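Inspection log for the structure reproduced underneath, given as structure tokens.
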Amino acid sequence: MPLLHARYAHTNLTAEDWEALAAFYERVFGCEPVLPQRDYHDQALTSEGNARQRGIHMRLPGHGPEGPTLEIFGYDPLSNRARTAPNRPGFGHIAFEVDDVAAARAVVVAEGGSALGEVASHTTALGRTVTWAYVADPECNVIELQQWG
């Protein structure tokens, strides 16, 4: 029995250009904007003091109108970015299940993202095959594309 009653709500993605990044996730993956857009000013937003946070929640595909969201926010001021890598400590990636990993990888690249390695397949101990590839969105955030067979 868990110590808390909890339900997954959202994951935050801090963006250099939150509007362009939200448009990418809407165009490529079908994430839907959840209005209203947010515009917060708060002393608690950064360790340096007063900051402005603006952005939007994007409903993730496949979970209906009450499903979890990807919260894409921009901050003013914005800190420096750490180097992107799938094996960097901390939150590593967001994953989308797709019908064809190679085709999805090509779409992400054509829409301003980048490929991080090749398409790979693996058969699990339960005999299921998973095919995946890592890509990055236009701001270098890691995305896993996966297909189960």
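The values are calculated or read from the model by the stated rules, or taken from the named source; none is laboratory data. Here the structure is a predicted model, which is why all the values come from computation and not from measurement. With ideal geometry, Cβ positions are generated from the backbone for all residues, glycine too; neighbour counts draw on all protein chains shown. When the accessible area is computed, the model is the full protein with side chains, heavy atoms only, and any ligands, DNA or RNA have been set aside. Shrake-Rupley method; radii C 1.70, N 1.55, O 1.52, S 1.80 Å.
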Unique match (being over 20 Å from VAL28 (Cβ atoms), modelled with pLDDT of 90 or more and in contact with a strand residue (DSSP E or B) (Cβ under 9 Å, 6 or more places away or on another chain)) among PRO61, PRO65, PRO77 | PRO65
Exactly one of VAL34, VAL101, VAL28, VAL107 is farther than 22 Å from CYS140 by Cβ and modelled with pLDDT of 95 or more, and that one is VAL34
Residue by residue through segment 1-27, note down the ones that are outside any helix (DSSP H, G or I) and touching a residue at least 24 places away in the same chain (Cβ under 8 Å).
-> TYR8, ALA9, HIS10, THR11, ASN12, LEU13, THR14, ALA15, GLU16, ASP17
Restricting attention to segment 93-110, report how many residues are part of a loop (DSSP other than H, G, I, E, B) and surrounded by 14 or more Cβ atoms within 10 Å (Cβ to Cβ).
-> 2
Among the residues of segment 28-43, which ones are assigned to a loop (DSSP other than H, G, I, E, B) and surrounded by fewer than 14 Cβ atoms within 10 Å (Cβ to Cβ)?
-> GLY30
Across (1) assigned to a loop (DSSP other than H, G, I, E, B); (2) open to solvent by 60 Å² or more (accessible area, probe 1.4 Å); (3) closer than 19 Å to LEU60 by Cα, GLN147 clears everything bar (1)
Subset of segment 70-90 that is farther than 16 Å from VAL135 by Cβ and in contact (Cβ under 8 Å) with a residue 40 or more places away in the chain - its residue that is surrounded by the most Cβ atoms within 10 Å (Cβ to Cβ) | ILE72
